[in-house]
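Report on one structure; see the data block that follows.
The values are calculated or read from the model by the stated rules, or taken from the named source; none is laboratory data. Model, not experiment: these values are computed from the prediction. For neighbour counting, all protein chains shown are included, and Cβ atoms are generated from backbone atoms with ideal geometry for every residue, glycine included. Side chains are part of the model used for accessible areas, which takes the heavy atoms of the whole protein and leaves out ligands, DNA and RNA. Shrake-Rupley method; radii C 1.70, N 1.55, O 1.52, S 1.80 Å.
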Amino acid sequence: MNIVFFTQRVEVVESYGERRDCADQRISGFISACGFIPVPLPNNCELLGELFSQIRPVGIILTGGNSLVRYGGDAPERDAMDEGLIDIAIQKRIPLYGFCRGMQSILSYFGNELLNVENHVAVRHVVLERGESYEVNSFHNQACIRLKEGSGLRVRAISSEGIIEAVSHECFPILGTMWHPERERMFSERDMTRVKELFCSG
């Protein structure tokens, strides 16, 4: 089966004393539109070994939501989950795609620093990728402007302000974008093709 695992954000509900895993329904819609079966993951690293011993997904998606704890976030279980999934993706050579916070997790995992940025929440802007420019959405407070030398990542797309908007790994099937593919009014063929090609490479 063409199963794709995807992560969920953590919502803290103080009045109930609950920490809830949840995801925008459009995420599963996007994965399905790409031709895969979406399966959400709980933010529980203890289950990862058993999950991956029973199911071999064709891909993993690290989704948006929740800043990393080192940049002011309040979901350490999510940081641990993303790190664990990147470990597994590398060990088992499972293609992995991260968007927004997911790309930030990829950047951080490979030793890159993030900076606080302004005017990148709920806006649209143009990015440049391999000589082609196109418009994307933006919903992030942190970003990277320079990759650490030797991190293994390379820039795929960049904004006019010099903010890195997409990356890929030189050796592993790992890709990140700062925009949300599921938040387009109509899913972009470019985004769907990107994910299909990545997950079919595994």
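Only residues that are over 16 Å from the mean Cα position of the chain (by Cα) and closer than 23 Å to N2 by Cα: list them for the range 58-99, please. Selection gives Q91, K92, R93.
Which residues, taken from the range 165-183, are touching a residue at least 24 places away in the same chain (Cβ under 8 Å) and outside any loop (DSSP other than H, G, I, E, B)? The answer is E165, A166, V167, H169, I174, L175, G176, T177, P181, E182, R183. Applying the criterion of being open to solvent by 40 Å² or more (accessible area, probe 1.4 Å) and not charged (D, E, K, R) to the residues of the range 1-17, the residue that is modelled with the lowest pLDDT is M1. Once the range 105-127 is narrowed to residues that are in contact with a helix residue (DSSP H, G or I) (Cβ under 8 Å, 6 or more places away or on another chain) and part of a helix (DSSP H, G or I), the residue that is most open to solvent (accessible area, probe 1.4 Å) is Y109.
Checking the condition open to solvent by less than 10 Å² (accessible area, probe 1.4 Å) and of a type in the set (G, A, S), which residue from A89, A80 passes?
So the residue among A89, A80 that is open to solvent by less than 10 Å² (accessible area, probe 1.4 Å) and of a type in the set (G, A, S) is A89.
When S168 is tested against (1) more than 21 Å from R70 (Cβ to Cβ); (2) out of contact with any Leu (no Cβ under 6 Å at 6 or more places or on another chain); (3) surrounded by 13 or more Cβ atoms within 10 Å (Cβ to Cβ), just one condition goes unmet, and that condition is (2). Across the range 29-49, which residue is nearest to D74 (Cα to Cα) among those that are part of a helix (DSSP H, G or I) and in contact with an Asp or Glu (Cβ under 8 Å, 6 or more places away or on another chain)? Ranking the candidates gives C45 first.
Go through E135, E197, E149, E161 for me and flag whichever is out of contact with any strand residue (DSSP E or B) (no Cβ under 9 Å at 6 or more places or on another chain), open to solvent by 70 Å² or more (accessible area, probe 1.4 Å), among the charged types (D, E, K, R) and not in a helix (DSSP H, G or I). Working first, answer last.
On the way: E135 fails: out of contact with any strand residue (DSSP E or B) (no Cβ under 9 Å at 6 or more places or on another chain); E197 fails: not in a helix (DSSP H, G or I); E161 fails: out of contact with any strand residue (DSSP E or B) (no Cβ under 9 Å at 6 or more places or on another chain).
Checking each option against the conditions leaves just E149.
Each residue in the range 73-93 was checked for being touching a residue at least 24 places away in the same chain (Cβ under 8 Å), out of contact with any Phe, Trp or Tyr (no Cβ under 8 Å at 6 or more places or on another chain) and not in a helix (DSSP H, G or I), and 2 pass. Residues to consider are R26, R20; find the one that is at pLDDT 95 or above, open to solvent by 70 Å² or more (accessible area, probe 1.4 Å), touching an Asp or Glu at 6+ places or on another chain (Cβ under 6 Å) and not in a strand (DSSP E or B). The conditions single out R26. Note on the range 130-162: residues that are without any contact (Cβ under 8 Å) to a residue 40 or more places away in the chain and among the hydroxyl-bearing types (S, T, Y) total 3.
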